[in-house]
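In what follows, a structure is listed as structure tokens, so that the remarks can point back to it.
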Amino acid sequence: MRLLGILSLISAVLARYTAVFVIGAGVLAYFIPSLFTWVSGYKQIIVLAVIMLAMGVSLKAEDYKILAKHPFDICIGAVAQFTIMPLTAFAIAKLFNLSDGLTLGLILVGSCPGGVSSNIMSYLCRGDVAYSVGMTTVSTLLAPVMTPLLITLLLSKDVSMDPWSMVNFLIMVTIIPVGLGSLSNIAFGKKRLFQETVKLMPGVAVIAFSFIVGGVIAVHGEKFLESGLIIFACIFLHNAVGYVLGYLAAMLNRMSVAKRRTLSIEVGVQNAGLATGLSTKFFPMVPEAAIASAVSCVWHSVSGTILANLYLLMDNRREKKNRVNPAAGTQVVRKDREISSR
């Protein structure tokens with residue numbers, strides 16, 4: 001148990017500093033690619049499945065009840081997830097006249113479900129964690145259908161692909177591991193040993209996530225900078241638009257502040273690790289797509305962490321202001337409760 005306690009602490013640190021760890025792995029892979037070249041083929045599929053298993057293990061029976069109690073909010077989230085990001089990616093690609101490879105990578109990232117790290121970020125910024133888990137679960141369950149469908153609709157003239165193969169792949173690396181993880185939680189969730197083990201999963205997901213990024217950079221590192229600043233600018237814009245429109249979608253539907261933050265992060269932070277795996281498996285002759293996905297992996301982790309910290313900074317300033325003017329704080333709390341109850 002003492003060992004599990006130490007490992008849990010390490011896992012918490014990894015989850016808190018995801019961006020630093022992922023960037024470090026990417027830099028290491030660029031200069032010493034031999035450390036990560038093993039992350040390819042079936043081994044890469046296993047790593048992706050581990051990430052999704054880590055997410056599934058955190059899902060309890062109560063999380064599925066949340067989906068039943070708040071179907072409208074979950075529906076709003078799913079619609080926002082699979083419209084804002086893919087359509088924004090398509091618009092940015094056309095606006096900046098990106099190459100076919102970079103267009104594929106950006107749209108692939110936009111068409112993937114929410115990332116595992118979004119749940120951690122929602123927790124860090126005092127968002128609605130249950131809503132975050134519910135959204136991630138639904139988007140992951142929809143991914144085997146929505147991801148290949150969106151890519152086919154948006155890129156049917158530019159890219160030749162087999163959507164059914166992608167459906168099978170997504171079922172193998174998302175539905176099955178998430179389902180197994182969730183069932184194990186439902187069956188053994190009350191046992192102390194299992195509860196301690198669950199605490200290790202965020203760290204496991206971060207490490208596996210870093211392996212995916214490292215593997216792509218190890219293979220395509222020489223071409224990483226060839227795309228120039230344009231792809232970095234497009235990924236930054238794509239991600240930022242996701243945050244803003246996600247937050248606005250929540251505001252328009254009169255959600256609570258916690259849910260606004262959560263929807264913002266869920267829309268903006270995609271499972272770019274999955275996108276990287278899909279690009280290397282189904283589009284091996286288009287390395288630019290994998291590069292765009294890998295850059296998104298790193299940036300989404302960095303920007304999501306920054307956004308969560310900004311939300312916390314806003315809370316700290318509000319709390320400090322409330323200590324000076326308690327009446328103003330009472331009005332803010334009352335307003336948030338009114339919105340949340342609607």
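The values are calculated or read from the model by the stated rules, or taken from the named source; none is laboratory data. Computed from a predicted structure; not experimentally measured. A quick note on method: Cβ atoms are made from the backbone with ideal geometry, for glycine too, and the neighbour counts reach across all protein chains shown. Only protein heavy atoms, including side chains, enter the accessible area calculation; ligands, DNA and RNA are left aside. Shrake-Rupley method; radii C 1.70, N 1.55, O 1.52, S 1.80 Å.
Using amide H atoms built 1.01 Å from N in the peptide plane, name the residues 5+ places from Asp128, or on other chains, whose amide H lies under 5 Å from its own.
The answer is Lys259, Thr262.
If you line up the Cα atoms of the stretch 1-71 on their principal axes, what length do they span on each, largest first, in Å?
Here the spans come out as 50, 34, 23 Å, largest first.
Once you order the gyration tensor axes a ≥ b ≥ c over the Cα atoms, which shape class does the stretch 22-116 get: rounded for a/c under 1.5, otherwise prolate or oblate by comparing a/b with b/c? Provide the component values of the computation, followed by the final result.
Values: a/c = 2.97, a/b = 1.21, b/c = 2.46.
The shape class here is oblate.
Once fully extended, how much extra length lies between Ala61 and Ile175, figured as 0.36 nm per residue of separation less the alpha-carbon to alpha-carbon distance? Could the numbers behind the result be given before it?
On the way: separation 114, 0.36 × 114 = 41.04 nm, distance 1.63 nm.
Extra length available between Ala61 and Ile175 comes to 39.4 nm.
Given the Cα-Cα distance of Lys321 and Phe188 and 0.36 nm per residue of separation, how much length would full extension add, in nm? Don't jump to the answer; show the numbers that get you there.
Details: separation 133, 0.36 × 133 = 47.88 nm, distance 4.50 nm.
Separation in residues times 0.36 nm, less the Cα-Cα distance, equals 43.4 nm.
What are the ³J(HN,Hα) values, in whole Hz, obtained from phi via the Karplus relation 6.51 cos²θ - 1.76 cosθ + 1.60 with θ = phi - 60°, for each residue of the stretch 49-62 in sequence order, with x given for Gly and Pro?
5, 5, 4, 6, 4, 4, 5, x, 4, 7, 8, 9, 4, 4
Which FRET efficiency value, to the nearest 0.05, do you get for Leu252 and Met285 by plugging their Cβ-Cβ distance into 1/(1 + (r/R0)^6) with R0 = 41 Å?
Details: r = 42 Å, r/R0 = 1.02.
The value I calculate is 0.45.
Long-range amide H contacts for Gln270: which residues qualify at under 5 Å (H placed 1.01 Å from N, peptide plane, sequence gap of 5 or more or a different chain)?
Gly115
Take Leu180, Leu53, Leu263 and sort them by solvent-accessible surface of the protein heavy atoms, 1.4 Å probe, largest at the top.
Values: Leu180 105, Leu53 70, Leu263 0 Å².
If we order Leu180, Leu53, Leu263 from most to least accessible, we get Leu180, Leu53, Leu263.
At 1.4 Å probe size, put Arg126, Arg2 in order of accessible surface, largest to smallest. Show your work: numbers first, answer last.
Details: Arg126 115, Arg2 205 Å².
The most accessible residue leads, giving Arg2, Arg126.
For the residue pair Ile46 and Leu28, what label-to-label distance in nm results when each label sits 7 Å from Cα along the Cα-to-beta-carbon direction?
1.9 nm
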